[in-house]
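Novice: Below: one structure in C-alpha cells.
Readers should treat all values here as calculations from the given coordinates under stated rules, not as data from a laboratory. None of the values given here were measured: they were computed from a predicted structure. Positions of Cβ are backbone-derived with ideal geometry, glycine not excepted, and every protein chain shown enters the neighbour counts.
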Amino acid sequence: MIYRRTLRREVACTGIGLHSGRAVRLRLLPAPAAHGIRFARTDVGVEIPATLAHIGGQDHATTLTRDGVSIGTVEHLLAALAGLGVDDVRVEVDGPEVPVLDGSAAPFVILLHEAGLRPLAVPRLHLRVKEPVEVAHGAKRARLAPCDHFEVAYSIGFDHPLLRHQAFTLRVTPRTFTEAIAPARTFGFLREVEMLRKSGLALGGSLENAVVIGETGVLNNKLRFDDEFVRHKILDAVGDLALLGHPLAGRLEATKAGHALHAAVARKLLATPGAWELVPAGTPSLEAAAVAPSPAPRLA
Ligand SMILES: [Zn+2]
C-alpha cells in the first residue's frame, strides 16, 4: 500500500513572475489527506484547487481561475509536486503568478527537499488509463494510452535550424524527474520575444529564467542538456497532467503539443466513460495480472 504524502514542514521563497514581471512570495504548507493541491491568493483571499475545472487560460503558461481571480504559470511547481509524489499541499502566493525562478522545476524540487515529505494515513489512488484517448489540432497531437506506470513520450519540431526535431521518452519517477526533467528550462525564440512583450507577456523574462533561441544559436551560454527543449515540454506535460487530481498510470504520447493540448487530452480522458478508473497505487493492471505466472503451489 502506498500512502498520500504531504510536506513535513512549511517552506517559502520569493521571485518574479515570468509574464507579469511582478515580485511574488510563495509559501508551501503541509495539508491534510484529501486536501489535494490548492493555490491560495493571500493578497485577495481566494483559494483555487489545482484541477482541470479551474483552468482559466493556457496562453504560453497554465493559469488557474476562480471567481475572477487568477494564479498564473502554475505548471512548473505542479510538475515538481507531481514528479516527487506530493499529493496534499497548500500553496500560498501574494500575487497573480507563481515565481518563475530559473525557468525550470529544479528550484521547486530543492524547496520540496528542504520541506521533507511525510506520509498521511490515507492510501494514494492512481488514475489508470484503460482505453486510449487522443486529441489533435493540425499537426499537434496528444494521446493517453494504457500503461502500468506513468510514462511520457514527447517529440517537438519547429521551423528553425536549431530546433528541427527533438524526441525523448521516459518513465516518470521521483528520481528520473529530478535528474532528467526538473532542470530543463523554459525556452523561447528571440523573434517572438518582441511580440510577447507587446501582448503584455514575458515581462519578467530574461536569460536568467529562459533559454532564448536566436537565429544562429542560443543566447544563453550553454544548455543544461543537448535536448533541453523537449525535456522542458515533458516537464510542462507532467505539470499540466497533475490537474487530473491523481497520479497517472498511463502513457502520454505527444507530438508538437503544448499546454492546451495537454489539458484537452486529460479532459477527454475524464469525459470518456470506461477509459479510466481509480485504483490503489501499486495495483498491477488486470492485463498484467492475466499474463503474470501464477504462484507455485505450496507443498505442505
Ligand atoms: Zn514550462
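Novice: Could you pull out which residues in the stretch 80-111 have an amide N less than 11 Å from a spot 7 Å beyond the Cα of THR42, following the Cα-Cβ vector?
Specialist: Within reach of a label on THR42, which here means backbone N under 11 Å from a point 7 Å along Cα→Cβ, the stretch 80-111 contributes 91-95.
Novice: Choose one of GLY45, PHE168, LEU270: the residue whose Cα lies farthest towards the positive end of the charge dipole of the chain (beta-carbon charges +1 Lys, Arg; -1 Asp, Glu; about the Cα centre).
Specialist: Result: LEU270.
Novice: Could you calculate the FRET efficiency of LEU278 with HIS165 from 1/(1 + (r/R0)^6), where r is the beta carbon distance between them and R0 is 30 Å, rounded to 0.05? Present the calculation step by step, with values, prior to reporting the outcome.
Specialist: On the way: r = 37 Å, r/R0 = 1.22.
Given R0 = 30 Å and the Cβ-Cβ separation, E is 0.25.
Novice: Sticking with this structure for a sec: Need the full-extension length gain, ARG191 to ASP59, defined as separation in residues times 0.36 nm minus the C-alpha distance. One decimal, nm.
Specialist: Working: separation 132, 0.36 × 132 = 47.52 nm, distance 1.73 nm.
Gain in length upon complete extension: 45.8 nm.
Novice: If you line up the long axis of helix 106-115 against the longest principal axis of the chain, both from Cα atoms, how many degrees apart are they, to the nearest 10?
Specialist: Helix 106-115 sits roughly 60 degrees off the main axis of the chain.
Novice: Hey, another quick one. Write down the percent of antiparallel bridges among all DSSP beta bridges whose residues are both part of the chain, to the nearest 5. Don't skip to the answer; put the middle values down first.
Specialist: Numbers: 46 of 63 bridges.
Here the antiparallel bridges make up roughly 75 percent for the chain.
Novice: For n ≥ 4 DSSP H runs only, could you compute -39500 (n - 2.57) per run for the chain, divide by its residues and tell me the 222 nm figure to the nearest 500?
Specialist: Numbers: 6 runs with 62 residues, N = 300.
Value at 222 nm, helices only: -6000 deg cm²/dmol.
Novice: If you wrap a convex hull around the Cα atoms of the chain, how much volume per residue is inside, in Å³? Could the numbers behind the result be given before it?
Specialist: Numbers: hull volume 45.0 nm³, N = 300.
It comes to 150 Å³ per residue, whole-number rounded.
Novice: Stretch ARG66-ALA153 to full length: gain in nm at 0.36 nm per residue minus the Cα-Cα span? Kindly include the intermediate steps, with their values, before the conclusion.
Specialist: Numbers: separation 87, 0.36 × 87 = 31.32 nm, distance 3.21 nm.
Going from the current span to full extension adds 28.1 nm.
Novice: For the chain, set up a GNM with springs between Cα atoms under 10 Å and report which of ASP88, ASP43, ASP236 has the largest fluctuation.
Specialist: Per the Cα network of the chain with a 10 Å cutoff, ASP43 tops the list.
Novice: May I pose another question? Tilt of helix 75-84 relative to the longest C-alpha principal axis of the chain, in degrees (0 to 90, nearest 10)?
Specialist: Tilt relative to the chain: about 30 degrees.
Novice: To the nearest 10 degrees, how steeply does helix 259-271 sit against the main Cα axis of the chain, on a 0 to 90 scale?
Specialist: In the chain, helix 259-271 runs at an angle near 30 degrees to the longest axis.
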